[in-house]
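Report on the structure given below.
The values are calculated or read from the model by the stated rules, or taken from the named source; none is laboratory data. Worth saying up front: this structure is predicted, and the values here are computed from it rather than measured. Don't worry about glycine lacking a Cβ; one is built from the backbone with ideal geometry, like all the others, and counts go over all protein chains shown. Surface accessibility is based on the protein's heavy atoms, side chains included, excluding ligands, DNA and RNA. Shrake-Rupley method; radii C 1.70, N 1.55, O 1.52, S 1.80 Å.
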Amino acid sequence: MSELAFIQLPRGEVCLQGAHATKWRTEDGRDVLFASSKPRSAVGTPIRGGVPLVFPWFGDDPEGRGRPAHGFARRVPWRLDQAQTDLGKGRIVMTLGDEAASRAIWPHAFALRAQLDFGVEFSIALTVTNQDRVPFRFEALFHTYLAVGDARKCEVRGLRGVRYYDKLAGNMGATQTDELLRFAGECDRTYVKNESACTLFDPVLQRTLTVRQENAPSTVVWNPWIEKTKRLSDLGADDWQRFVCIESGCVMDDAVTLAPGASHHLCVRITSSN
Ligand code: TA6
């Protein structure tokens, strides 16, 4: 079975499958993206950790036809169009278009372009273009796994007053009233119409990670905690302590409908400060 191919950069790493950023390091050499302690590295299987790219739907198959969760884009090889390094920074540009296999499960002509920049700031800019003759609706999400010292001690700020759907309560709607979001159990919330940046304060690693998004008003906050982690074969038993997902995109109420020939550009920017 062929192995997954990776591109190494001065401060990062990208897997060709899924244009999947798997590493980004700060200037002091510390990893910001989480990597599972029990990785599966198999062609066609998403890597647990880093920033999987979710497209064209978020979550389970919306039509219940058994199509892959979070869509197909993270499971297939993308074309490498550009790889450059300069003064310790790195840029990767990758593209993905429709093909018979994708049209068999999602009958649309599309083009994706991902530009990943690894510097003092880490960013991914994704352009989705409708190359079809009819409009299509899509969801897209940067499913970012942020490495933390202990999820139980972390604090997420920036979501006060934002409406969210709680997946643990059947996607019941609610509005966050507190400034702080802390973790004392499984958390799986999709915030919508969020224009604010989020910060993740990590007292163990003594850093604050800031997640800014452009044209990506959905923010998903996820930690599987103990019991769900046991059901994920590509996570170590204690891995739930070592990451918090703060994901940015256009999902649920923020899904996008594109007219033929139109494009949507969404971007996430992550910085780390001590
Ligand atoms: O983004 C949160 C979420 O939708 C969770 O419900 C959980 O399913 C997670 O994504 C991981 O999904 P995956 O298909 O990568 O195991």
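Label sites at LYS228 and GLU195, each approximated as a point 7 angstrom past Cα along Cα to Cβ, lie 2.9 nm apart. Among GLU99, GLU155, GLU214, which one shows the biggest mean-square fluctuation in a GNM of the chain, springs joining Cα atoms closer than 10 Å? Ranking GLU99, GLU155, GLU214 by mean-square fluctuation puts GLU99 first.
For segment 156-233, the list of trypsin sites (Lys or Arg not before Pro) that fall in a loop by DSSP and count at most 15 other C-beta atoms within 10 angstrom reads ARG160, LYS193, ARG231.
Taking a ≥ b ≥ c as the square roots of the Cα gyration tensor eigenvalues, the chain comes out rounded, since a/c falls below 1.5. Here the spin labels are modelled as points 7 Å beyond Cα on the Cα-Cβ line, and at THR177 and ALA5 they lie 5.4 nm apart. For GLU195, the solvent-accessible surface computed with a 1.4 Å probe is close to 150 Å², ligands and nucleic acids excluded. Under 14 Å from a label point 7 Å along Cα→Cβ of GLU27: give me every residue in segment 57-100 with its amide N that close. Inside the label zone: 88-89. For the pair ARG137 and ASP86, what calculated FRET efficiency results from E = 1/(1 + (r/R0)^6), where r is the Cβ-Cβ distance and R0 = 45 Å, to the nearest 0.05? Approximately 0.70, to the nearest 0.05. With the cut-off at 1.5 for a/c, could you classify segment 170-274 from its C-alpha gyration tensor as rounded, prolate or oblate? It comes out prolate by the Cα gyration axes.
Report relative contact order for the chain in percent, whole number only (criteria: Cα-Cα under 8 Å, sequence separation at least 6). Provide the component values of the computation, followed by the final result.
Working: 740 pairs, mean separation 52.6, N = 274.
It comes to 19 percent, rounded to a whole number.
Phi angles across segment 122-131 convert, under the Karplus curve 6.51 cos²θ - 1.76 cosθ + 1.60 with θ = phi - 60°, into 3J(HN,Hα) values of 10, 9, 10, 10, 10, 10, 10, 10, 8, 9 Hz, Gly and Pro given as x. Projecting label points 7 angstrom from Cα along Cα→Cβ for ASP150 and ALA100 puts them 5.5 nm apart.
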